[in-house]
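Let me begin by presenting the structure, written as structure tokens, before commenting on it.
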Amino acid sequence: MDARIQIVAIVATTALLFGVLELVRQRKLLERYALVWIVAAVVLLGLALWRDALAQLADLLGIAYAPNALFFAAFGAILLLLLHFSIAVSRLQDQTKLLAQRHGLLEQRVQTMEGAQAESDGDQSPELAAASQQ
């Protein structure tokens, strides 16, 4: 790998790592999601620092052309990210459904209580209703 490419890769992955940490600090990214990005940035930084890592990974996996090992690793990482986010979206969908059901029940209770209050106000004599409003 050319030294310039290696320096660019190191700078880019370091920027990614610090960018993720800054998003966590600003509370724009939750820690549980940041962990996935931090691990990805550290792996990329390791590959950028250690020149022969990709060739050794390719040999370990039996891949003839070393850059294809990077595509294989990226594909696996993307699949894991998709699975992680699918689980998160499913959980959020269930929570939203439960929240909407609870909101509907509370709305029904408020309407029932308002109706009972209106009936009890209607049963009072005009003098008592006027006195209770003051």
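The values are calculated or read from the model by the stated rules, or taken from the named source; none is laboratory data. Worth saying up front: this structure is predicted, and the values here are computed from it rather than measured. Here the Cβ is made from the backbone with ideal geometry for all residues, glycine too, and neighbour counts use every protein chain on show. When the accessible area is computed, the model is the full protein with side chains, heavy atoms only, and any ligands, DNA or RNA have been set aside. Shrake-Rupley method; radii C 1.70, N 1.55, O 1.52, S 1.80 Å.
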Check: Is it fair to say LEU60 is on the phi < 0 side of the Ramachandran plot, open to solvent by 60 Å² or more (accessible area, probe 1.4 Å), at pLDDT below 85 and of a type in the set (A, V, I, L, M, F, W, C)?
Finding: no
Next item on the list: Could you please let me know if ARG27 is open to solvent by 100 Å² or more (accessible area, probe 1.4 Å), out of contact with any Phe, Trp or Tyr (no Cβ under 9 Å at 6 or more places or on another chain) and either hydrophobic (A, V, I, L, M, F, W, C) or free of Cβ contacts under 8 Å to residues at least 24 places away in the same chain (or both)?
Entry: yes
Next item on the list: Go over the candidates ALA74, ALA69 one by one and state the one that is exposed (fewer than 14 other Cβ atoms within 10 Å of the Cβ) and either of a type in the set (Phe, Trp, Tyr) or free of Cβ contacts under 8 Å to residues at least 40 places away in the same chain (or both).
Entry: ALA74
Item checked: Any chance ARG51 is loosely packed, with under 13 Cβ neighbours inside 10 Å and part of a helix (DSSP H, G or I) -> no
